[in-house]
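The values are calculated or read from the model by the stated rules, or taken from the named source; none is laboratory data. These figures come from a predicted structure and were not determined experimentally. Cβ: placed from backbone, ideal geometry, glycine included. Neighbour counts: every protein chain shown. Heads up: the accessible areas ignore ligands, DNA and RNA and are worked out on the full protein's heavy atoms, side chains in. Shrake-Rupley method; radii C 1.70, N 1.55, O 1.52, S 1.80 Å.
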Amino acid sequence: MGLAAPTYSDAWISAVPKVELHVHHIGATSADTLADLAARHPDAGVPTDPQALQAFYEFTDFDHFLRVYAAISRLLSTPEDVLHLTIGNLAESAAQNVRYVEVTVTPNPILTAGVTRDGLVEALNAAREHAAREWAMTVNWILDIPGFTGETAEVVLDLCERRPPDGLVALGLGGPETPRPPFAPYFARARTLGLGSVPHAGEAAGPESVRAAVELLRADRIGHGIRAVEDPELLAGLAEAGIHLEVSLTSNLRTRVVASLEKHPLPALMTAGVPVSINSDDPPMFGTTLTRELQIAAGLVGSRQIPALLRNAIKASFAGEDLKASYLADLAAAEAHR
Ligand code: ADE
Ligand code: ZN
């Protein structure tokens, strides 16, 4: 084999310790947890039967995906619902040897469904403690604004400023990909709190969205960002500044922002030198897992690239330096034991 880099099997990918940067709290709900919650709240319009649930998860386009998402959000109307969902999600991560995860939580629909701010934050704190105790997994949170300014954004900033959950590390921006410039004041406020900036951009909208995220929201990382590939100058700027893109392959296919895996820009992003990681986004909704996404990435760019993609995730996380060093050491040990 000479000096050629080694290859990594699907079994190795399955077992390797992982870091995940981009997974949505509600979107990570397993079918079993969803069926429990739907049975508790029959008026929310979410099917309880597994087959009907599968049909419910077939999206015609990005807007349809967001409407389905809103229906699921309505199932979280008590702190117990939130705790049940969150612990269920973290158990799925633990089973894939995820050691560290930054979970994106959208508070608005949960508060609208009737959970108080204290109820939400206490449920998140309890789930975080559970993950540390049961699985030695570190969970940090990103609170995200679901696509609109005004009261929608204020609710999120108010939580960040006055009642943050333990382990809050960044402000996010998801939902419909509305123009990014009006969100600059919220990200400036988050920055004064010491929070990172991780907006979605360049998913449904084009490279101008990524450019605004970088220039006006001062993004540390970008959720998706894949459409930056359409603007070579922007791509070079991301590589130069080391702005990380959180890539989710199956998500992009299922929401139909990319037509086929062969057309996915991941290889071009990597060739351009942009730091990227592999993430699951809304795994059960898209019929995937983080492990599966890494295996799909191995098929697309070669399994030799997988350790580098895992390292990129560790480096771009908001974990402390000691934790990062220990994750990097564990990854190096796993590479040595292929
Ligand atoms: N919320 C959950 N998943 C999302 C996605 N892929 N894009 C924007 N908002 C989201
Ligand atoms: Zn996302």
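Of the residues G175, G147, only one is of a type outside the set (D, E, K, R), under 19 Å from D281 (Cα atoms) and open to solvent by less than 10 Å² (accessible area, probe 1.4 Å); which? Within the list G175, G147, the selection yields G147. Residues satisfying the criterion are present in the stretch 12-27 (criterion: among the β-branched types (V, I, T), in a loop (DSSP other than H, G, I, E, B), in contact (Cβ under 8 Å) with a residue 24 or more places away in the chain and within 16 Å of ligand 1 (Cβ to nearest atom)).
For T250, the criteria (1) at pLDDT 95 or above; (2) away from ligand 1 (no atom under 16 Å from the Cβ) hold in every case but one, which is (2).
Test D322 against the criterion of being over 26 Å from S9 (Cβ atoms) and touching a Ser or Thr at 6+ places or on another chain (Cβ under 8 Å), and give yes or no. So D322 fails the test.
For the stretch 210-223, a residue qualifies if it is out of contact with any Ser or Thr (no Cβ under 7 Å at 6 or more places or on another chain), within 16 Å of ligand 1 (Cβ to nearest atom) and within 21 Å of G273 (Cβ to Cβ), and the qualifying residues are V210, A213, R221, I222, G223. Looking at E58, is it closer than 30 Å to A205 by Cα, more than 16 Å from ligand 2 (Cβ to nearest atom) and charged (D, E, K, R)? Considered against the rule, which asks whether it is closer than 30 Å to A205 by Cα, more than 16 Å from ligand 2 (Cβ to nearest atom) and charged (D, E, K, R), E58 comes out as yes. Per the listing T192, T178, the residue uniquely among the hydroxyl-bearing types (S, T, Y) and in contact with a Phe, Trp or Tyr (Cβ under 8 Å, 6 or more places away or on another chain) is T178.
Could you look through the stretch 115-144, keep only residues that are of a type in the set (G, A, S) and open to solvent by less than 50 Å² (accessible area, probe 1.4 Å), and pick out the one that is farthest from A28 (Cα to Cα)? Don't jump to the end; show me each part of the working.
Residues of the stretch 115-144 that are of a type in the set (G, A, S), as a first pass: 119, 123, 126-127, 131-132, 136.
With the extra rule that they be open to solvent by less than 50 Å² (accessible area, probe 1.4 Å), the set shrinks to 119, 123, 126-127, 131.
Values: G119: 20, A123: 16, A126: 18, A127: 14, A131: 16 Å.
Result: G119.
The criterion of at least 3 residues that are under 21 Å from I314 (Cβ atoms) is met by the following helices (runs of 4 or more DSSP H) wholly inside the stretch 197-280: 232-241, 266-271.
State all residues of the stretch 224-247 that are within 13 Å of ligand 1 (Cβ to nearest atom) and small (G, A, S); if no residue qualifies, say none.
Selection gives G225 alone.
Could you grab me the full set of residues in the stretch 32-49 that are of a type in the set (D, E) and assigned to a helix (DSSP H, G or I)? Once the filter is applied, which keeps residues that are of a type in the set (D, E) and assigned to a helix (DSSP H, G or I), the stretch 32-49 yields D32, D36, D43.
Scanning the stretch 94-113 for residues that are of a type outside the set (G, A, S) and away from ligand 2 (no atom under 16 Å from the Cβ) returns Q96, N97, V98, R99, Y100, I110, L111, T112. Scanning the stretch 254-280 for residues that are among the aliphatic types (A, V, I, L, M) and more than 19 Å from the chain's Cα centre (by Cα), we see that the one that is surrounded by the most Cβ atoms within 10 Å (Cβ to Cβ) is M270. Cβ-Cβ contacts under 8 Å between residues 6 or more apart (or on different chains), taken from a first residue in the stretch 61-84 that is farther than 16 Å from T112 by Cα and away from ligand 1 (no atom under 12 Å from the Cβ) to a second residue that is modelled with pLDDT of 85 or more and part of a loop (DSSP other than H, G, I, E, B), are listed as D61/T255; D61/R256.
If I ask for residues that are surrounded by 24 or more Cβ atoms within 10 Å (Cβ to Cβ) and part of a helix (DSSP H, G or I), which ones from the stretch 281-292 would you list? Steps first, please.
Step one: filter the stretch 281-292 for residues surrounded by 24 or more Cβ atoms within 10 Å (Cβ to Cβ), giving 281-283, 285, 290.
L290, the sole residue that qualifies.
Could you tell me whether R227 is modelled with pLDDT under 95 and within 16 Å of ligand 2 (Cβ to nearest atom)? Don't jump to the end; show me each part of the working.
On the way: modelled with pLDDT under 95: no; within 16 Å of ligand 2 (Cβ to nearest atom): yes.
Judged against the criteria, R227 is not a match.
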